[in-house]
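Chemist: One structure follows; several queries about it will come next.
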Number of protein chains: 2
Amino acid sequence: KEKAPPTLDTSDPYAGDPLRHPALKVNSQRPFNAETPPELLTESYITPNPLFFTRNHLPVPHLDPDTYRLHIVGPPGCESLSLSLDDLYQFPKHEVTVTVQCAGNRRAEMTKVKKVKGLEWTTGAISTARWTGARLCDVLAQAGHRLSESEAHVCFVGLDSDPTGTAYGASIPLAHALDPEAEVLLAYEMNGQPLPRDHGFPVRVVVPGVVGARHVKWLGKVSVEPEESYSHWQRRDYKGFSPSVDWDTVDFDSAPSIQELPIQSAITEPQDGETIEAGEVTVKGYAWSGGGRAVIRVDVSLDGGLTWQVAELDGEKQRPRKAWAWRLWQLQAPVPAGQKELNIVCKAVDDSYNVQPDTVAPIWNLRGVLSTAWHRVHVRVTP
Amino acid sequence: KEKAPPTLDTSDPYAGDPLRHPALKVNSQRPFNAETPPELLTESYITPNPLFFTRNHLPVPHLDPDTYRLHIVGPPGCESLSLSLDDLYQFPKHEVTVTVQCAGNRRAEMTKVKKVKGLEWTTGAISTARWTGARLCDVLAQAGHRLSESEAHVCFVGLDSDPTGTAYGASIPLAHALDPEAEVLLAYEMNGQPLPRDHGFPVRVVVPGVVGARHVKWLGKVSVEPEESYSHWQRRDYKGFSPSVDWDTVDFDSAPSIQELPIQSAITEPQDGETIEAGEVTVKGYAWSGGGRAVIRVDVSLDGGLTWQVAELDGEKQRPRKAWAWRLWQLQAPVPAGQKELNIVCKAVDDSYNVQPDTVAPIWNLRGVLSTAWHRVHVRVTP
Ligand SMILES: [Mo]
Ligand SMILES: [Mo]
């Protein structure tokens, strides 16, 4: 039997998505993906909630906080937990300042080398917030989970899903989840407010030092499994490959899922193509590394990488092994007399002395993830 | 009053140094510093003891195993331990396969950019052994040490010393030392044999994933302090700086001491300047990363970095988070027809997706440490 074609409102699974701040730079409306504009990104150490970059894979679900339940699957022979928000509030409240970065941040620079599949993020798929919630280790312990001899994984399932019912999912190693020093959270507050709908209301995972894709939003279910999540986003995406690998030759099982991210930095001011005045230039940007590794230095060049100056690091001091948040940085430097243009470059170093690669092409990969080459900005100088 | 000039034998503090394997490539006789030749380096996953690279800062002390005592300073109000070798054997015996790399490995490539202070290591200041001993965490616990709220450091003092009595010393964070998963050892065996004199007989520290400089040899004393070791080698050496920093401007306190090392790889076959036959080329080398990060891929280029092929990883499979040992790798590839020369390049990736930088100059530093740029080898092809 035939039906009248559905109206846009009822057929569009994205019709219930929340309103967004107009300053966000939108890369995709359905699902909604938008980055923080560079000039706002380094305006403040903590990104205001409405300006926090948004990376959705599916429509934003409507969840009722009164009936919301988080399902924690127990170990074999144990009962599972079904936690209301109030139940979650009973666990010790833990706050941690964490920078979240999309694996695809700065993908647009990779696209310039050779086309890749993915959203055209520039430098703004990264933001920082103070997250508050229960520690995942406390909740897992309550459910009866202990560290096992064999490698195991904590699998997260979101309450967002596509029309076929496939939900977003991802996993992290159990050893990581159970380490209290890793500070993995089931977060219900972001900068002192309940999570905004775009950021996982009412509960999301926050995995400090790890790629955003594992910070599962609208969290519905947590289980401990012998294998990583079988989701597309764990097994077929968010992995890095050699530049020689293309869509005809890729073996997704040959690369590990991205967890900790490598050292990253970018220039937010001035912007590429800008014209600046002679005299003095102020260069600003951010730097961050995964795995709790602290940023120890940012080098800035005004001559395309021939000579370097050390930038000043701003923002909060970082704790050893738990440097989960970025450092903002800046450099005031004289513009060399008579210079008509500047090729500004930045590169950062973390406390394992990891550095960024010089160029994009040798780290190019078919999904355009892990784009961490030196960031380069070309500006003209008014005479 | 005058004395007859001393004979060489009695005045030379190095006269008692052990005999060494003639295959070692000597960089310095006094103190003795020598690297494993590249063609032997990747001959076997485990480096034979006589071929293990040697990095001595001072003369090799003569220590009597029967009277040897290791002094473990207790926490305030507790007694110290004075451990004989037999005492140390009573702790659970722990074995771990660990690659040790000198911070100055591949320094010779940095020297080509601009002169640096330090030994001219090529690619052989790295080796791998199975180390056996007591876990440092067990010994520290026995002495009454617990993890403290404030950051603290475990300081090691060697029994080697210069004519003024200054001994070699270094430190690692207490949190690292007390973590059983970090597998820090007080090692008394190397590949199933008592430690050779050049490698710290009778006891040395082995800190998996950390720069060789912290693996203190001929260990005499262990203490827990609120600050890092005040030794020259902790505070004034083994640190990385911007290429813009020279000996006139260096502020040693501005950089952290090197602990975990960044991703590294090098080609051991063919060697630079060699002539190879047309047809097929076999490229061999090693790859290793600090901090227990596993090597997940090695890319090899035959055209200076324009195109890449993925090498085959050999050697033992690595444990998650505890990948303390290197991967040997090789690539068999056809030599492109008509090619008169090859610019062979390798670069490795670790499981945090850290990569090596393309070139040396932007990571140049005044001490020539952390030389991890792509390794490049130029060969001629016989027609
Ligand atoms: Mo992402
Ligand atoms: Mo060293």
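The values are calculated or read from the model by the stated rules, or taken from the named source; none is laboratory data. All figures in this text were calculated on a predicted structure; none of them were measured in a lab. When we count neighbours, we look across all protein chains shown, and the Cβ atoms used for this are built from the backbone with ideal geometry, even at glycine.
Chemist: So is A:LYS117 assigned to a loop (DSSP other than H, G, I, E, B) and either out of contact with any strand residue (DSSP E or B) (no Cβ under 9 Å at 6 or more places or on another chain) or within 14 Å of another protein chain (Cβ to nearest Cβ) (or both) or not?
Modeler: Against the criterion (assigned to a loop (DSSP other than H, G, I, E, B) and either out of contact with any strand residue (DSSP E or B) (no Cβ under 9 Å at 6 or more places or on another chain) or within 14 Å of another protein chain (Cβ to nearest Cβ) (or both)), A:LYS117 qualifies.
Chemist: Return the only residue of B:LEU306, B:LEU313, B:LEU331, B:LEU302 being farther than 22 Å from A:GLY290 by Cβ, of a type outside the set (Phe, Trp, Tyr) and surrounded by fewer than 15 Cβ atoms within 10 Å (Cβ to Cβ).
Modeler: Criteria check complete, one pass: B:LEU306.
Chemist: What's the number of the only condition in (1) closer than 26 Å to A:THR128 by Cα; (2) more than 10 Å from chain B (Cβ to nearest Cβ); (3) in contact (Cβ under 8 Å) with a residue 40 or more places away in the chain that A:LEU313 fails to meet?
Modeler: With (1) closer than 26 Å to A:THR128 by Cα; (2) more than 10 Å from chain B (Cβ to nearest Cβ); (3) in contact (Cβ under 8 Å) with a residue 40 or more places away in the chain applied to A:LEU313, the lone miss is (3).
Chemist: Here is a check on your reading of the model: is B:THR99 within 16 Å of ligand 2 (Cβ to nearest atom), in contact with a Pro (Cβ under 6 Å, 6 or more places away or on another chain), closer than 30 Å to B:ARG236 by Cβ and of a type outside the set (A, V, I, L, M, F, W, C)?
Modeler: So B:THR99 fails the test.
Chemist: Please name all residue pairs, on different chains or six or more residues apart, with Cβ atoms under 7 Å, provided the first residue is in the range B:124-152 and is within 14 Å of another protein chain (Cβ to nearest Cβ) and the second residue is crowded, with 16+ Cβ neighbours inside 10 Å.
Modeler: Final answer for the pair search is B:LEU147/B:LEU174; B:LEU147/B:ALA175; B:LEU147/B:LEU178; B:SER148/B:LEU174; B:GLU151/B:PRO173; B:ALA152/B:LEU174; B:ALA152/B:VAL224.
Chemist: Also, quick follow-up: Please specify each residue of the range B:339-370 satisfying the condition of being closer than 19 Å to B:ARG327 by Cα, more than 10 Å from chain A (Cβ to nearest Cβ) and not aliphatic (A, V, I, L, M).
Modeler: Selection gives B:CYS346 alone.
Chemist: Please specify each residue of the range A:191-203 satisfying the condition of being outside any loop (DSSP other than H, G, I, E, B) and surrounded by 23 or more Cβ atoms within 10 Å (Cβ to Cβ).
Modeler: Answer for the range A:191-203, where residues must be outside any loop (DSSP other than H, G, I, E, B) and surrounded by 23 or more Cβ atoms within 10 Å (Cβ to Cβ): A:ASP198, A:HIS199.
Chemist: Looking for whichever is among the β-branched types (Val, Ile, Thr) and touching a residue at least 40 places away in the same chain (Cβ under 8 Å) here; the options are B:THR164, B:THR111. Which one fits?
Modeler: B:THR111
Chemist: Only one of (1) in contact (Cβ under 8 Å) with a residue 24 or more places away in the chain; (2) within 12 Å of chain B (Cβ to nearest Cβ) is not met by A:PRO334, so which one is it?
Modeler: Going through (1) in contact (Cβ under 8 Å) with a residue 24 or more places away in the chain; (2) within 12 Å of chain B (Cβ to nearest Cβ) one by one, A:PRO334 breaks only (2).
Chemist: Out of the residues in the range A:89-103 that are assigned to a strand (DSSP E or B) and within 16 Å of ligand 1 (Cβ to nearest atom), which is nearest to A:GLU181 (Cα to Cα)?
Modeler: Per the stated criteria, the residue is A:VAL98.
Chemist: Still on this structure, I have one more. Is it the case that some residue within the range B:105-115 is away from ligand 1 (no atom under 16 Å from the Cβ), among the hydroxyl-bearing types (Ser, Thr, Tyr) and over 15 Å from the mean Cα position of the chain (by Cα)?
Modeler: Yes; the residues of the range B:105-115 include at least one that is away from ligand 1 (no atom under 16 Å from the Cβ), among the hydroxyl-bearing types (Ser, Thr, Tyr) and over 15 Å from the mean Cα position of the chain (by Cα).
Chemist: Residues being of a type in the set (S, T, N, Q) and either within 15 Å of ligand 2 (Cβ to nearest atom) or within 14 Å of chain A (Cβ to nearest Cβ) (or both): count how many of those fall in the range B:199-232.
Modeler: 2
Chemist: Please pick out the residue among B:LYS239, B:LYS221 that is within 22 Å of B:LEU58 (Cβ to Cβ) and touching a Cys at 6+ places or on another chain (Cβ under 9 Å).
Modeler: B:LYS221
Chemist: Mind checking which residues of the range B:282-299 are on the phi > 0 side of the Ramachandran plot and surrounded by fewer than 23 Cβ atoms within 10 Å (Cβ to Cβ)?
Modeler: Answer for the range B:282-299, where residues must be on the phi > 0 side of the Ramachandran plot and surrounded by fewer than 23 Cβ atoms within 10 Å (Cβ to Cβ): just B:GLY292.
Chemist: For the range B:121-159, enumerate the residues that are within 16 Å of ligand 2 (Cβ to nearest atom) and more than 21 Å from B:LYS217 (Cα to Cα).
Modeler: Result: B:THR122, B:THR123.
Chemist: If I filter the range B:98-118 down to residues being hydrophobic (A, V, I, L, M, F, W, C) and either touching a His at 6+ places or on another chain (Cβ under 6 Å) or closer than 17 Å to B:LEU261 by Cβ (or both), which single residue comes out as surrounded by the fewest Cβ atoms within 10 Å (Cβ to Cβ)?
Modeler: B:VAL98
Chemist: Residue check, B:GLN29 against (1) at pLDDT 95 or above; (2) more than 21 Å from the chain's Cα centre (by Cα); (3) loosely packed, with under 12 Cβ neighbours inside 10 Å; (4) among the polar types (S, T, N, Q), all met but one. Which one?
Modeler: Exception for B:GLN29: condition (2).
Chemist: State yes or no: is B:THR67 at pLDDT 95 or above, part of a strand (DSSP E or B) and not small (Gly, Ala, Ser)?
Modeler: no
Chemist: I'd like to check something: does the range B:76-96 contain any residue that is of a type in the set (A, V, I, L, M, F, W, C), within 16 Å of ligand 2 (Cβ to nearest atom) and within 30 Å of B:TYR286 (Cα to Cα)?
Modeler: No, every residue in the range B:76-96 fails to be of a type in the set (A, V, I, L, M, F, W, C), within 16 Å of ligand 2 (Cβ to nearest atom) and within 30 Å of B:TYR286 (Cα to Cα).
Chemist: Taking the residues in the range B:35-54 that are farther than 19 Å from B:GLN193 by Cβ and crowded, with 21+ Cβ neighbours inside 10 Å as candidates, determine which candidate is farthest from ligand 2 (Cβ to nearest atom).
Modeler: B:THR42
Chemist: Separate question: Between a first residue in the range B:215-228 that is touching a residue at least 24 places away in the same chain (Cβ under 8 Å) and closer than 10 Å to B:LEU159 by Cα and a second residue that is in a loop (DSSP other than H, G, I, E, B) and basic (Lys, Arg), which pairs have beta carbons less than 9 Å apart while being 6 or more apart in sequence or on different chains?
Modeler: From residues that are touching a residue at least 24 places away in the same chain (Cβ under 8 Å) and closer than 10 Å to B:LEU159 by Cα, the pairs are B:GLY220/B:ARG69.
Chemist: Only residues that are in contact (Cβ under 8 Å) with a residue 12 or more places away in the chain and closer than 21 Å to B:LEU159 by Cα: list them for the range B:13-33, please.
Modeler: Within the range B:13-33, B:PRO13, B:TYR14, B:GLY16, B:ASP17, B:PRO18, B:ARG20, B:SER28, B:GLN29, B:ARG30, B:PRO31, B:PHE32, B:ASN33 meet the criteria.
Chemist: From the residues in the range B:213-261 that are among the aromatic types (Phe, Trp, Tyr) and either in a loop (DSSP other than H, G, I, E, B) or more than 23 Å from B:ASN33 (Cβ to Cβ) (or both), which one is nearest to ligand 1 (Cβ to nearest atom)?
Modeler: Among those residues, the one meeting the criterion is B:PHE241.
Chemist: Could I ask something else about it? Out of the range B:334-356, which residues are surrounded by 23 or more Cβ atoms within 10 Å (Cβ to Cβ) and outside any strand (DSSP E or B)?
Modeler: B:ASP351, B:SER352, B:TYR353, B:ASN354, B:GLN356
Chemist: What's the number of the condition A:THR249 fails, among (1) surrounded by fewer than 20 Cβ atoms within 10 Å (Cβ to Cβ); (2) more than 14 Å from chain B (Cβ to nearest Cβ); (3) without any contact (Cβ under 8 Å) to a residue 60 or more places away in the chain?
Modeler: It is condition (2) that A:THR249 fails.
Chemist: For the range A:316-326, which residues satisfy the criterion of being within 14 Å of chain B (Cβ to nearest Cβ) and at pLDDT 95 or above?
Modeler: A:ARG321, A:LYS322, A:ALA323 - these are the residues of the range A:316-326 that are within 14 Å of chain B (Cβ to nearest Cβ) and at pLDDT 95 or above.
Chemist: Okay, next question. Just the residues that are polar (S, T, N, Q), in a strand (DSSP E or B) and within 13 Å of chain B (Cβ to nearest Cβ), please, taken from the range A:267-308.
Modeler: The one that is polar (S, T, N, Q), in a strand (DSSP E or B) and within 13 Å of chain B (Cβ to nearest Cβ): A:SER301.
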